[in-house]
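A short worksheet on the structure shown next.
The values are calculated or read from the model by the stated rules, or taken from the named source; none is laboratory data. None of the values given here were measured: they were computed from a predicted structure. In this analysis, Cβ positions are derived from the backbone assuming ideal geometry, glycine residues included, and neighbour counts consider all displayed protein chains.
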Amino acid sequence: METIVILGSTGSIGCNALQVIKLHQDKYKVFALTANGNVDLLTEQCSEFEPQFAFALNREANQQLKKNLLALNSKTIVLDDENSLDWLASHKETNTVISAIVGAAGLKPTMAAANSGKKILLANKETLVMAGELFVKAVKQSNATLIPIDSEHNAILQVLPQSKKLNYKSNGIRKILLTASGGPFRTSTKEELKHVTPKEALRHPNWIMGKKITIDSATMMNKGLEVIEACWLFDIPASDIEVVIHPQSIIHSLVEYVDGSTLAQLGNPDMRTPIAYALSHPERIESGVLGLDLIKTKRLDFEAPDLDKFPCLGLAYKALHIGNNAPTILNAANEVAVEAFLNESITFNQIAELIEFCMDAVEPQILDSIETVLEVDSKTRHLALSWIDCHNLTS
Ligand code: NAD
Ligand code: MG
């Protein structure tokens with residue numbers, strides 16, 4: 001029986017993961033469920049999956065969770081300590097950690113899982129963007145296993161020679177093609193983008209996801225973060241990664257080999273497929289997702305990304321090129337910008353402006369520890385918030 005800790009169980013990835021686990025309760029046992037708040041859903045999940053431990057980061061939510069589980073006579077222990085996420089991720093009885101917290105908050109517990117040699121099923125791409133080098137080093141040193149859940153990277157893993165697994169340089173690979181839906185504004189003009197609202201940006205054409213990643217998809221920063229993620233996961237330079245817009249989100253990514261072959265992974269856009277593959281890799285298990293109906297699908301389209309309209313993608317390539325703390329700055333500034341856009345404090349186009357400002361303003365620094373990464377993250381957030389104060393639409 002494989003014991004699983006889910007970091008972020010109430011989110012979009014967390015819920016999909018539980019749906020897959022539910023189909024295979026003979027193989028996987030939920031050891032702990034954690035979230036920020038959303039106490040009703042967390043209570044429901046605890047009563048259904050009966051984990052040994054549960055934890056909500058928000059204090060009030062955690063107190064309520066305790067009360068709810070007590071009233072239900074549940075055996076689940078609700079933890080109290082603020083380091084509970086790290087403790088669970090590195091617990092000796094934990095085999096596998098599903099890292100599905102959104103944003104920088106996922107870094108520390110995912111790092112704890114890496115340092116203690118766990119199998120990490122990674123959805124939290126921000127970990128690799130903020131601290132790729134340190135994280136990959138920790139995975140290697142502790143002999144941890146790292147498997148991507150992100151659909152593109154999971155697709156790449158599926159079409160790489162299985163014997164080689166992750167982290168290889170040559171092996172006949174010419175390049176990786178990362179597909180992107182293009183988001184809700186693929187066909188909008190640059191002029192139209194000036195006036196788009198959070199509500200419009202949250203309307204993703206193909207995927208139902210958490211708010212942050214949905215806005216990242218609308219700005220195409222998501223693809224930028226994924227380019228950085230792919231570099232670290234597959235040990236491949238950015239120059240060998242090409243982003244291709246594919247509006248139907250049926251091909252989840254491709255690998256081009258030196259003999260001219262291009263291998264792709266196709267499927268309906270449903271995160272249960274990559275989650276199931278991550279759980280069972282290199283075997284395959286039922287995910288609950290139907291196969292593709294190619295006749296109904298009819299056609300697959302492709303186009304080049306428009307970096308002028310979506311500058312966030314270019315900023316991610318720039319951060320990779322600069323290296324050191326630049327991707328950490330990019331990530332922190334983006335998180336603050338997305339939040340501010342959702343609060344209607346800045347416009348859609350100001351997201352990229354704010355990120356570029358922070359990348360220019362924060363001085364370069366070598367990232368020698370996770371503490372340094374967190375310092376850069378915090379410094380950038382302060383700077384970004386003061387930029388917003390000066391540019392705030394509502395003030
Ligand atoms: P979400 O907003 O739906 O869920 C986030 C989860 O994290 C929730 O359970 C929430 O309670 C928890 N959380 C939030 N802040 C926290 C904090 N400070 N401490 C502890 N827990 C906290 O997000 P999501 O869409 O499921 O995305 C999660 C991660 O997976 C992101 O990094 C995203 O980029 C990545 N991802 C998501 C999808 C998708 O389809 N949703 C696809 C690929 C990658
Ligand atoms: Mg993705």
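Do any helices (runs of 4 or more DSSP H) entirely within region 293-395 hold 2 or more residues that are more than 20 Å from the chain's Cα centre (by Cα) and over 30 Å from Ser253 (Cβ atoms), and if so, which?
348-361, 370-391
Return the total of residues in region 92-114 being away from ligand 2 (no atom under 16 Å from the Cβ) and either surrounded by fewer than 24 Cβ atoms within 10 Å (Cβ to Cβ) or part of a helix (DSSP H, G or I) (or both).
15
Which of the residues spanning region 186-244 are on the phi > 0 side of the Ramachandran plot and within 16 Å of ligand 1 (Cβ to nearest atom)?
Initial filter on region 186-244 (on the phi > 0 side of the Ramachandran plot): 220, 235.
Met220 - this is the single residue of region 186-244 that is on the phi > 0 side of the Ramachandran plot and within 16 Å of ligand 1 (Cβ to nearest atom).
Provide a single number: the residues in region 325-349 that are hydrophobic (A, V, I, L, M, F, W, C) and without any contact (Cβ under 8 Å) to a residue 60 or more places away in the chain.
7
Which one of Thr10, Thr34 is of a type in the set (Val, Ile, Thr) and either surrounded by fewer than 18 Cβ atoms within 10 Å (Cβ to Cβ) or within 16 Å of Ser84 (Cα to Cα) (or both)? Break it down stepwise before answering.
Details: Thr10 fails: either surrounded by fewer than 18 Cβ atoms within 10 Å (Cβ to Cβ) or within 16 Å of Ser84 (Cα to Cα) (or both).
Every option except Thr34 fails the conditions.
Out of region 52-88, which residues are in contact with a strand residue (DSSP E or B) (Cβ under 7 Å, 6 or more places away or on another chain) and closer than 13 Å to Ala35 by Cα?
Phe53, Ala54, Phe55, Ala56, Asn62, Leu65, Val78, Leu79, Ser84, Leu85, Leu88
Any chance region 182-198 includes a residue that's polar (S, T, N, Q), within 16 Å of ligand 2 (Cβ to nearest atom) and closer than 23 Å to Glu242 by Cβ?
no
Which residues, taken from region 257-295, are over 19 Å from Thr96 (Cβ atoms) and at pLDDT below 95?
Tyr257, Val258, Asp259
What is the number of the single condition among (1) free of Cβ contacts under 8 Å to residues at least 40 places away in the same chain; (2) surrounded by fewer than 22 Cβ atoms within 10 Å (Cβ to Cβ) that Gln45 does not meet?
(2)
Which residues, counting only those in region 257-283, are assigned to a strand (DSSP E or B) and either among the hydrophobic types (A, V, I, L, M, F, W, C) or buried (at least 19 other Cβ atoms within 10 Å of the Cβ) (or both)?
Leu263, Ala264, Gln265, Leu266
Hey, could you check region 381-395 for residues that are modelled with pLDDT of 95 or more and in contact with a Leu (Cβ under 9 Å, 6 or more places away or on another chain) and say which is nearest to Ala112 (Cα to Cα)?
Result: Ala384.
For every residue, the table says whether it meets (1) touching a strand residue (DSSP E or B) at 6+ places or on another chain (Cβ under 9 Å); (2) away from ligand 2 (no atom under 14 Å from the Cβ); (3) not aromatic (Phe, Trp, Tyr).
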{"site": "Ile208", "(1), (2), (3)": "no, no, yes"}
{"site": "Thr214", "(1), (2), (3)": "no, no, yes"}
{"site": "Ile236", "(1), (2), (3)": "yes, yes, yes"}
{"site": "Ile245", "(1), (2), (3)": "yes, no, yes"}
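List every residue pair whose Cβ atoms lie under 7 Å apart, where the two residues are 6 or more positions apart in sequence or sit on different chains, the first residue falls within region 217-234 and is of a type in the set (S, T, N, Q), and the second residue, located anywhere, is in a helix (DSSP H, G or I).
Hits for this filter: Thr219/Cys312; Thr219/Ile351; Thr219/Ala352; Asn222/Ile213; Asn222/Asp216.
Anything in region 1-45 that is away from ligand 2 (no atom under 16 Å from the Cβ), within 15 Å of Pro109 (Cβ to Cβ) and of a type in the set (A, V, I, L, M, F, W, C)? List them, or say none.
Ile4, Val5, Ile6, Leu7, Phe31, Ala32, Leu33, Ala35
What are the pairs with Cβ atoms under 9 angstrom where one residue, in region 144-159, is within 9 Å of ligand 1 (Cβ to nearest atom) and the other, located anywhere, is part of a loop (DSSP other than H, G, I, E, B) and of a type in the set (Phe, Trp, Tyr)? Sequence gap at least six, or different chains.
Sorted first by the residue in region 144-159, then by its partner, the pairs are Ser151/Trp207.
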